[in-house]
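Below: one structure, written as structure tokens.
Just so it is clear, none of the values below were taken in a lab; they were calculated from the coordinates. What you are looking at is a predicted structure, and each value in this text was computed from that prediction instead of being measured. Cβ coordinates were reconstructed from backbone atoms using ideal geometry, including for glycine residues, and neighbour counts include every protein chain displayed.
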There are 2 protein chains.
Amino acid sequence: MNLEKMQGKCGQVSSMMKAIAHPQRLMILCHLSEGEKNVGEILALCEISQSQLSQFLNRMQREKLLKVRKDGQFAYYSIADKNLHKLIQSMQKIFCE
Amino acid sequence: MNLEKMQGKCGQVSSMMKAIAHPQRLMILCHLSEGEKNVGEILALCEISQSQLSQFLNRMQREKLLKVRKDGQFAYYSIADKNLHKLIQSMQKIFCE
DNA sequence: CAAAGATATTACAATTTCATAATATTCTTA
DNA sequence: TAAGAATATTATGAAATTGTAATATCTTTG
């Protein structure tokens, strides 16, 4: 791969990495790597305020990293980006085994 | 793994991820994943000023992600953290193949 | 020793991110 | 339809990050 193409890749990938570069966002992603969860469930698993959780979920959704499925009053979030999912799994292997 | 331990891990790992969450720092790390390089060589490969490169290298060294070997007037940097190295390689597989 | 090259340090304004509080919206159910 | 639960939005100050300029240090070589 040439330098210019590599610059482009690094730009894309590093901006995805910003999502992971926060303790609670990483926590959210690790939990979602097991499957979709609604906001209340995630809230119970992470040490974070409801407002911030909602903001983080919204942000990662705008960045196409997450997707949401509304069911009545509940909102179920899951990982939308296949590569992000692979990366989280790799990270779990590297850092948690 | 219990939640508390998971919080700890996510804290550690996300702070390592901050290094990767920047286009030029990721570029640096990708080049260093092939082996040690001196500052001038890295400078030629990345679109970054000399000052900023030096600051980034110093920062990642303080965080124990990189190590440096001085040889005369040259400073050779390489990846010091084994897990970071594994992660960069995983990322290259996921995003660059 | 003086000059030039390689690298490091310091300082600072601009921007971005973070955390929190307050409030709003939407859906369910009594 | 009023109350309550689940989720989203907005606003804001504090803190961290970024990029750049200027300067310093260390090393080699003429």
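Closer than 22 Å to B:Lys93 by Cβ, within 12 Å of the chain's Cα centre (by Cα) and either among the small types (Gly, Ala, Ser) or within 16 Å of DNA strand D (Cβ to nearest atom) (or both): does that describe A:Ser90?
Against the criterion (closer than 22 Å to B:Lys93 by Cβ, within 12 Å of the chain's Cα centre (by Cα) and either among the small types (Gly, Ala, Ser) or within 16 Å of DNA strand D (Cβ to nearest atom) (or both)), A:Ser90 does not qualify.
Could you list, in sequence order, all residues of the range B:49-73 that are of a type outside the set (Lys, Arg), surrounded by 14 or more Cβ atoms within 10 Å (Cβ to Cβ) and within 12 Å of DNA strand C (Cβ to nearest atom)?
Of everything in the range B:49-73, those that are of a type outside the set (Lys, Arg), surrounded by 14 or more Cβ atoms within 10 Å (Cβ to Cβ) and within 12 Å of DNA strand C (Cβ to nearest atom) turn out to be B:Leu53, B:Ser54, B:Phe56, B:Leu57, B:Met60, B:Gln61, B:Leu66, B:Val68.
Please verify whether the range B:82-89 includes one or more residues that are among the basic types (Lys, Arg), in a helix (DSSP H, G or I) and within 11 Å of chain A (Cβ to nearest Cβ).
Yes, some residue in the range B:82-89 is among the basic types (Lys, Arg), in a helix (DSSP H, G or I) and within 11 Å of chain A (Cβ to nearest Cβ).
I'd like the full set of residues that are facing chain A (nearest Cβ under 8 Å), assigned to a helix (DSSP H, G or I) and among the hydrophobic types (A, V, I, L, M, F, W, C), limited to the range B:1-32.
Across the range B:1-32, the qualifying residues are B:Leu3, B:Met6, B:Cys10, B:Val13, B:Met17, B:Ile20, B:Leu26, B:Met27, B:Cys30.
Under 17 Å from A:Cys10 (Cα atoms) and either free of Cβ contacts under 8 Å to residues at least 40 places away in the same chain or among the acidic types (Asp, Glu) (or both): is that true of B:Glu97 in this structure?
Judged against the criteria, B:Glu97 is a match.
Filter the range A:1-22 for residues that are more than 12 Å from DNA strand D (Cβ to nearest atom) and surrounded by fewer than 20 Cβ atoms within 10 Å (Cβ to Cβ) and give the result.
Passing the criteria: A:Met1, A:Asn2, A:Leu3, A:Glu4, A:Lys5, A:Met6, A:Gln7, A:Gly8, A:Lys9, A:Gln12.
Please count how many residues of the range B:38-47 are within 15 Å of B:Tyr76 (Cα to Cα) and either at the interface with chain A (Cβ under 7 Å from one of its Cβ atoms) or buried (at least 18 other Cβ atoms within 10 Å of the Cβ) (or both).
So the count comes out to 2.
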